[in-house]
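S.K.: Following this message is one structure expressed as C-alpha cells.
What follows is calculated from the coordinates using simple rules that are stated; it is not laboratory data. Remember, it's a predicted structure, so these values are computed and weren't measured experimentally. Note that each Cβ is placed from the backbone with ideal geometry, even for glycine, and that neighbours are counted across all protein chains shown.
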Amino acid sequence: MSLFDWFADRRKGQFVGKVTQESEESDGLWEKCPECGQVVYRKDLIDNCSVCNNCGHHNRIDSKERIRLITDPNTFISINNHLTPVDPLGFKDRRAYADRLRESQASTGLKDGVLTGTCEVNSIPMALAVMDFRFMGGSMGSVVGEKITRLIEHSTKEKLPLLIVCASGGARMQEGMLSLMQMAKISGALERHRDAQLLYMPLLTHPTTGGVTASFAMLGDLILAEPKALIGFAGRRVIEQTLREKLPDNFQTAEYLQDHGFVDTIVPRTELKETLTKILRLHKTQEVKSRTNA
Amino acid sequence: MARRFLLEFEKPLVELENQIDQIRELARDSEVDVSQQLLQLETLAARRREEIFNALTPAQKIQVARHPQRPSTLDYIQMFCDDWVELHGDRNGTDDQALIGGLARIGEKSVLLIGQQKGRDTKENVARNFGMAKPGGYRKALRLMDHADRFNLPIICFIDTPGAYAGLIAEEQGQGEAIAVNLREMFRLKVPIIATVIGEGGSGGALGIGVADRLLMFEHSVYTVASPEACASILWRDAGKAPEAASALKITGPDLMKLGIVDEVLKEPSGGNNWAPLQAGDTLKNALEKHLSELLALSTSELRDNRYSKFRKMGKYLESQSIESEISV
C-alpha cells in the first residue's frame, strides 16, 4: 500500500465513522456518556433524569425538562411569558446582539433565558424559576432579571416557597450595566421575600458563575446543588492567570463548596423531587403559621 | 509638575508645559518680566487641556479613572472629613486593606464611610491588593453598615475598584456569597446610603457596596459590568479590542444617567481630578451634603421604598400587550 493509499483509506475511515455517529444522534436511540463513554439507550437515560447509569454523570437538561422532573404533571403555570428582550445599547461585537437573540430564540423556542411560574410538588404549591443555559449561556439580562423579580414578588404576595434553578455564566455583557443592576434588583425582592419569613432555595446546577453566584444563587435560606456542578464567582482561567499555580482538581465544584460551607446539601437529580418534597413538608408548619398571621 | 504621571493623550500638552517651566526658570534667574508671556502660554495650555478632556473616548476615560494620582478614598477623607476614626476587621478573622471604613463627620453630620482603597505605588498596591477586596472586605463593610444602621448614621460609599478579587482564597471564602449578602442587606438598612464612583467601578466588586439611594459619578469615572479587557477577550476573542468594548458597554456617567442607573454626574476640573484634587474634594463634599439633606428629610419607610423602586425600575424589555402563550411543558 502506498502512502497515498494509506491516507486515502484513513480519510475514508474517518468519513464513514462520522456518518454512523450522526445517524445515531439523529434517530435518537443511543447516547454516549461524555464522562465515562458508556453507550446507553436514550430512553433509559431520560427515564433516569438524564443521569448516566454507569458513572452518575449529570447531563445538561433544558428548562422544560427540569420543570417536568420537579413538578406534578400539568401543575406548572407560567407567568410573565410575554416579556421579550430588546437591545438597549445597540450592542455589536463580532456579531450584533439582536442577531444573537434571534438565533437563541429560534434554537430554543424561548423568548429569553428563564421560565417562571407556579407549580405543585407532590401537591405542595411552590413558585419556580428555571434558567436555561442554552439561551446565550443562561446569561442574565433585563428580561431574566425582571421575570425572576416578578416571580419573587408574586411568591411574597401569595406566601409561596420559592425555588430558583440556576444555570448561568453570569451577567449578560451585551446589556451592559443594566445586567449588573439585575443582581441588585433581584436581591432586593429576595429581601422582602425573606422578611415575610418565606422559604427560598436556589438549586445550583452546572454551571452557576459570575453575577448569578454573586446574587440570588448564594442568597438561599437553604442552598442545594447538583453533584459536580461548577459553581464559582470568577472563572478558573482568570484565577489561574492571577495565581500562576495549579488549582485543586475539585476546585469550584458543588462538593468543594459544600466542604467550605457554602452549600447545604448536594442532591442527585434522581432524588431531587423527593428531597424537595421532604424539605417543603418540613417547613410547612412554619408556612401555615405565617399565612394565618397575615 | 515634572513628576506628574502623564497619559498618552496628554502628551501634546507636555511641550507647552515644558515651555512654561523653562520661562519660569528664566524669570527666576533674570529679572525680566515674563508674566505676560506666561499668562498667554498658560491660557493656551488650559484651553488645549480642556479640549482634550472634553473629547475623551470611553477607553481614555478608563485611563483617567485609573490614574495613579487620582484622588482616592483616603484622599477625600483627608480633604473634607473631620474626626475620622478608621474601624478595622470583619470580626471573622480578617481585616481587608482594599476596602476600608470608619466614622467621620462631613460638615455637621456624623456618617459612616466605606470605600475601596488602591495604592499609589507598587508597594502600597501590594498591601491594598490593587483595591480588589476579598470576601472579608465585603463582610467588614456589612458589619460597619449594620453598625451605622443601629446608630442611625448615614452611609457614604466611595467606589474605586477594578473588581472583587478573583483568586483561590476568594473562592474558598465565598466571594459570591459575601457580595450577594451585601446586595440583599443594603435594601434592609434604614439609613440613607449615598455611593459615589470616584474612580473605577468594576462590576460586582463595585456593586457590593453600591446599592444606594443615590449613585453619583465623577465625570471621568467609569462603571462597568465587566472590564472592557475581559469583555473583548470573551466577545471579540481579542483582548486588543478593549477600546471598542469600552465604547460598546456604555460605561460613562452620562451614558449611565440615560440608562437610569446614575443620579448625578459630578464635574471634574479640566485635566481630571488628579489635576486639581482640592477642587474635586469640594465638588464631592457639596454634592454629598446636598443629597444627604434631601435624604434625611425622608421617613424610614419612604427611604426604603424609594430605594426598592429605584432598582425595581432598572432594565429594558418589551412587554407585549397580549398576555401570551402558556408554556406547555
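S.K.: Take every Cα pair under 8 Å in chain B that's 6+ residues apart, average their separations, divide by the length, and report that relative contact order as a whole percent.
M.R.: 15
S.K.: Can you compute 3J(HN,Hα) from phi for each residue in region B:139-147, using the Karplus curve 6.51 cos²θ - 1.76 cosθ + 1.60 with θ = phi - 60°, rounded to whole Hz and x for Gly and Pro?
M.R.: These are the phi-based 3J(HN,Hα) values: 6, 4, 4, 5, 4, 5, 5, 4, 4 Hz.
S.K.: Let me ask something else about it. Strictly greater than 14 Å: what percent of every Cα pair in region B:8-55 meets that?
M.R.: Within region B:8-55, distances greater than 14 Å cover 54 percent of Cα pairs.
S.K.: Shifting gears a bit: Using θ = phi - 60° and the Karplus curve 6.51 cos²θ - 1.76 cosθ + 1.60, what whole-Hz ³J(HN,Hα) does each residue of region B:304-320 get, with Gly and Pro shown as x?
M.R.: With coefficients 6.51, -1.76 and 1.60, one gets 5, 5, 4, 4, 4, 6, 4, 6, 4, 7, 6, x, 10, 7, 9, 10, 6 Hz.
S.K.: Moving on to the next point. Report, to the nearest 10°, how far helix B:277-296 tilts away from the longest principal axis of the Cα atoms in chain B, using its own Cα long axis and a range of 0 to 90°.
M.R.: Helix B:277-296 sits roughly 30 degrees off the main axis of chain B.
S.K.: Which Rg and Dmax, in Å, describe the Cα atoms of region A:89-129?
M.R.: So, for region A:89-129, Rg and Dmax equal 15.9, 48 Å respectively.
S.K.: What are the GluC sites (Glu not before Pro) within region B:24-55 that DSSP puts in a loop, where the Cβ has at most 14 other Cβ atoms within 10 Å?
M.R.: Loop-located and lightly packed - B:Glu31.
S.K.: Averaged across A:153-162, how many Cβ atoms of other chains sit within 10 Å of each residue's Cβ atom? Walk me through the intermediate numbers first.
M.R.: Values: counts 1, 0, 0, 0, 0, 0, 0, 0, 0, 0.
Partner Cβ neighbours, averaged per residue: 0.
S.K.: Give me the inter-chain shielding for A:59-69: mean count of other chain Cβ atoms within 10 Å, whole number please. Display every interim value, and only then the final one.
M.R.: On the way: counts 0, 0, 0, 0, 2, 3, 1, 1, 2, 1, 0.
If you average over the peptide's residues, the count of other-chain Cβ atoms is 1.
S.K.: Stokes-Einstein D for chain A at 37 °C, 0.692 mPa s, Kirkwood Rh over Cα pairs, in µm²/s?
M.R.: This corresponds to a translational diffusion coefficient of 158 µm²/s.
S.K.: 7 Å from Cα along Cα→Cβ at both A:Leu247 and A:Leu282: what's the point-to-point distance in nm?
M.R.: About 3.1 nm separates the two model spin labels.
S.K.: Pull up the DSSP beta bridges for chain A and report the antiparallel fraction as a percent, rounded to 5. Walk me through the intermediate numbers first.
M.R.: Details: 16 of 33 bridges.
About 50 percent, rounded to the nearest 5.
S.K.: Now for a separate question. If you count, for every residue in B:248-255, the Cβ atoms of partner chains within 10 Å of its Cβ, what is the mean?
M.R.: 4
S.K.: Residues with amide H under 5 Å of B:Ile193's amide H, sequence separation 5 or more or different chain, H placed in the peptide plane at 1.01 Å from N; which?
M.R.: B:Ile155, B:Asp213, B:Arg214
S.K.: Mind giving me the FRET efficiency for A:Val40 and A:Glu271? R0 is 30 Å, r the Cβ-Cβ distance, nearest 0.05 is fine.
M.R.: Working: r = 20 Å, r/R0 = 0.65.
It comes to 0.95.
S.K.: Working from the alpha-carbon coordinates of region A:172-265, get Rg over Rh, Rh being the Kirkwood radius.
M.R.: 1.01
S.K.: Also, quick follow-up: Return the loop-located trypsin sites (Lys or Arg not before Pro) in region B:85-165 (DSSP other than H, G, I, E, B) with at most 11 other Cβ atoms within 10 Å of their own Cβ; answer none if there are none.
M.R.: Within region B:85-165, the qualifying trypsin sites (Lys or Arg not before Pro) (loop, at most 11 other Cβ atoms within 10 Å) are B:Arg91.
S.K.: Let me ask another. Over the Cα atoms of region B:43-176, Rg to Rh with Kirkwood Rh, two decimal places?
M.R.: Looking at region B:43-176, the ratio lands at 1.05.
S.K.: For a protection proxy built on the mean count of beta-carbon atoms within 10 angstrom, sort A:240-246, B:15-21, B:314-320, A:207-213 highest first, please.
M.R.: Descending mean neighbour count gives A:207-213, B:314-320, B:15-21, A:240-246.
S.K.: Same structure again: Could you please report the charge total around A:Thr71, scoring K, R as +1 and D, E as -1 over all other residues with beta-carbon less than 9 angstrom from its beta-carbon?
M.R.: Taking every Cβ under 9 Å from that of A:Thr71, the sum is 0.
S.K.: Here's something else I'd like to know. I need the per residue convex hull volume for the protein assembly as shown, using only the alpha carbons, in cubic angstrom as a whole number.
M.R.: 209
S.K.: Return, for the Cα atoms of region B:62-312, the radius of gyration and Dmax in Å, separated by a comma.
M.R.: Rg then Dmax for region B:62-312, in Å: 17.0, 52.
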